[in-house]
Amino acid sequence: MFETTRPPTSAATEAKTAPRYWIKTYGCQMNVHDSEKYAGLLAEMGYVPAASPEDADVVLVNTCSVRERAEDKLFSELGRLRILKEQNAGGSNGAAKEILVGVTGCIAQQRGDEIIERQPAVDFVIGTRAIQTLPEVLADVRRTGDPCVNTQDLVDFEAQGVRTDTVRAFVTIMEGCNNYCSFCIVPATRGLEIYRPASAILDEIRGLGLRGYREVTLLGQNVNSWVDPDSSMEFPELLSAIDESLRRTAREDGQPGVERVRFLTSHPKDLSPRLIEAMASGQRIARHLHLPVQSGSTRVLRDMNRHYTAASYLEQVAALRAAVPGVGLSTDLIVGFPGETDADFEATLELVRQVEYDSFYSFEYSPRPDTAAVTQYDDDVPAETKRTRLIELQRTGQSIQEQRNEAWVGRETTVLVDSLSRRSDEDVSGRTSSNHIVNMAGDAGLIGKLVDVRVTSHAAHSVYGEIIGVPH
Ligand code: SAM
Ligand code: SF4
Ligand code: F3S
């Protein structure tokens, strides 16, 4: 599942004898990157990736609790792992061996001991801010035979991950969230904001460039509120500093290095003119913004505690598009928030029609324990209404996305090829700076290269093109 950085000669022999791990990841990119950090710790301990949970000595389930169904899924998965553990302990899968099962991530942070009480097959639980305790937790469980729970606040930004991708890399710039959107559980599962120093962020990006990475995504729940703990630098200046450093180090290192910097997620209330300016002037800053709007009704936005109005959001979008021509725009939307009327929902549809997003994620509102929306409001939109609104919203958004993709036909653009196509063995896939997916004929040799492409056709979620220049 994960690449390792160990030498191939020892890897071949090790693979037969070394202990193995399997990691199942749910949730957002922060969790994906946390799984890379767990894989890094396990690799340092001599573990290698397993082909399946059956084949593993340690199984980690890295969880998400943003919606209720995620929790239900976790406990059915843990039920399956309990059976697997019992079969292995009894030797019915071959030689008897013990599998250790750990639960990490957002549900782990939130539920702690409760997880072990509800599912005794779980051997350990590690919270979102205690990732680096994995080696001692494993040692503890092995020594005592008792379950172990660690949900302490011990954020370590410098944990080295084993990255799955060879072209694109995540770089954490902050942990936690101070916003308390009324529907959201994240401030409870990830804690309050804490920021990584600019110097460490710049160093990691330079190191990634030297190792051949061509794109990085800066990660945080609300990257716009990042401030340097060692100076007064804010996020727009960080972007400009990264841009400047990438251009300078490309000359010094004699390598192209990281070509594109993306960042996730931006909160509309903190999207400043300076950030738009940093995007407009940054040569290596991707021309894409993920700007979750959640709703097009200002009344619902107020109850969501989002601190902006539909009108101010539309003004920001206009300012962004004027300053950054061709910028790709994506969003998150929630339907069925408490009190959402037909008119509120119509306002969301209207906003989606006006903005014309390039892509979007949409969800039915799901009440989360101890959030303000649960304590203050009734979940009064019937399930059936939530479902029909979601379907209508998705239909509207998708037809806009398709029209926008159609408008790409005939255009020339530059694509960073990042993988083989999922649909065809003869195609590769990549993204434009604006985050549009482009497929084209090609082989694995193109992965990691920038290619100039002419778009020849479109589909619902991507476009197809032909290469018109020498890959670089
Ligand atoms: N920090 C980001 C932001 O400011 O929007 C988003 C983080 S959240 C983990 C990802 C998305 O999940 C949110 O933008 C929201 O649309 C959705 N979400 C969060 N809580 C939800 C809930 N209780 N029910 C449905 N969707 C939810
Ligand atoms: Fe959740 Fe709001 Fe923070 Fe995003 S900004 S993580 S939606 S509380
Ligand atoms: Fe889920 Fe936690 Fe991310 S709740 S969306 S994994 S921050």
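Values in this text are rule-based calculations from the coordinates and carry no lab data. These figures come from a predicted structure and were not determined experimentally. Cβ sites come from the backbone with ideal geometry, for glycine too, and all protein chains shown count toward neighbours.
Where nothing but the Cβ of Lys and Arg (+1) and of Asp and Glu (-1) is charged, how large is the charge dipole of region 2-150 around its Cα centre, in debye to the nearest 20?
Values: 17 positive and 21 negative charges, 40 e Å.
Dipole magnitude for region 2-150 comes out near 200 debye.
Listed by chain and number, the lysines whose alpha-carbon sits under 16 Å from that of Lys97, ignoring those within fewer than 8 places in the same chain, are Lys16, Lys85.
Using only side-chain charges placed at the Cβ, +1 for Lys and Arg and -1 for Asp and Glu, the dipole size of region 387-472 relative to its Cα centre rounds to 460 debye. Label sites at Glu98 and Thr456, each approximated as a point 7 angstrom past Cα along Cα to Cβ, lie 5.9 nm apart. The loop-placed GluC sites (Glu not before Pro) in region 339-441, going by DSSP, that have at most 12 neighbouring Cβ atoms within 10 Å of their Cβ come out as Glu426.
How big is the antiparallel share of DSSP beta bridges in region 76-206, given as a percent to the nearest 5? Show your work: numbers first, answer last.
On the way: 2 of 8 bridges.
In region 76-206, approximately 25 percent of DSSP beta bridges are antiparallel ones.
If you place +1 on the Cβ of every Lys and Arg and -1 on the Cβ of every Asp and Glu, how big does the dipole about the Cα centre of the chain come out, in debye to the nearest 20? List each step's numbers first, then the result.
Values: 50 positive and 68 negative charges, 150 e Å.
With Lys and Arg at +1 and Asp and Glu at -1, about 720 debye.
Proximity of backbone amide H atoms, modeled 1.01 Å from N, is registered between Ser457 and Tyr464 at under 5 Å, excluding neighbours fewer than 5 places apart on the same chain.
Please find the FRET efficiency linking Glu117 to Ile468, where r is the Cβ-Cβ separation and R0 is fixed at 60 Å, and quote it to the nearest 0.05.
Numbers: r = 61 Å, r/R0 = 1.02.
Efficiency, rounded to the nearest 0.05: 0.50.
Summing charges over neighbours of Leu192, with a neighbour being any other residue whose Cβ is under 10 Å away from its Cβ, gives -2 when K and R count +1 and D and E count -1.
When only C-alpha pairs under 8 Å and at least 6 residues apart count, what is the relative contact order of region 325-472, in percent? Intermediate results must be reported in sequence, preceding the final value.
Working: 273 pairs, mean separation 30.7, N = 148.
Reported as a whole number, the value is 21 percent.
Counting every C-alpha pair in the chain, the share spaced more than 32 angstrom apart comes to 45%. Relative contact order of the chain, taken over Cα pairs closer than 8 Å and 6 or more residues apart, is 10 percent.
Given an 8 Å cut-off on Cα distances and at least 6 residues of separation, report the relative contact order of region 168-406 as a percent. Write down the numbers at each step before the final one.
On the way: 416 pairs, mean separation 42.5, N = 239.
About 18 percent, as a whole number.
Kindly provide the helix-only [θ] at 222 nm of the chain, computed as the sum of -39,500 (n - 2.57) over DSSP H runs of four or more divided by all residues, to the nearest 500 deg cm²/dmol? Don't jump to the answer; show the numbers that get you there.
Details: 15 runs with 180 residues, N = 472.
Rounded to the nearest 500, the figure is -12000 deg cm²/dmol.
Note on Ser232 and Thr375: the extension gain reaches 47.8 nm, defined as 0.36 nm multiplied by sequence separation minus the Cα-Cα distance. Where both bridge residues fall in the chain, DSSP classifies roughly 35% of the beta bridges as antiparallel.
In this simple spin-label model, placing a label point 7 Å from the Cα along the Cα-to-Cβ direction at both Arg395 and Lys269 gives a separation of 3.5 nm. Remark on Ser182: its backbone amide H falls under 5 Å from those of Asn305, a criterion applied only to residues 5 or more positions apart or on other chains, H modelled at 1.01 Å from N. Measuring between their Cα centroids, region 286-317 and region 20-35 lie 29 Å from each other.
What ranking do Ile447, Ile83 get, fewest neighbouring Cβ atoms within 10 angstrom at the top?
Working: Ile447 19, Ile83 10.
Neighbour counts put them in this order, fewest first: Ile83, Ile447.
Taking the number of Cβ atoms within 10 Å of each Cβ as an exposure proxy, the fewest-first ranking of Lys449, Lys37 is Lys449, Lys37.
Stretching the chain fully between Ala444 and Glu54 yields a gain of 137.3 nm (0.36 nm per residue, less the alpha carbon separation). Positive end of the dipole of the chain (Cβ unit charges, origin at the Cα centre): among Ala18, Leu314, Phe263, the Cα lying farthest that way belongs to Ala18. Remark: spin-label model distance Glu346-Arg248 equals 5.6 nm, labels positioned 7 Å along the Cα→Cβ axis. Straight-distance candidates among the lysines for linking to Lys269, with alpha-carbon spacing under 28 Å and chain neighbours fewer than 8 residues away dropped: Lys386. Put in line by how crowded their Cβ is, counting other Cβ atoms within 10 Å and starting with the fewest, Thr63, Thr432 read Thr432, Thr63.
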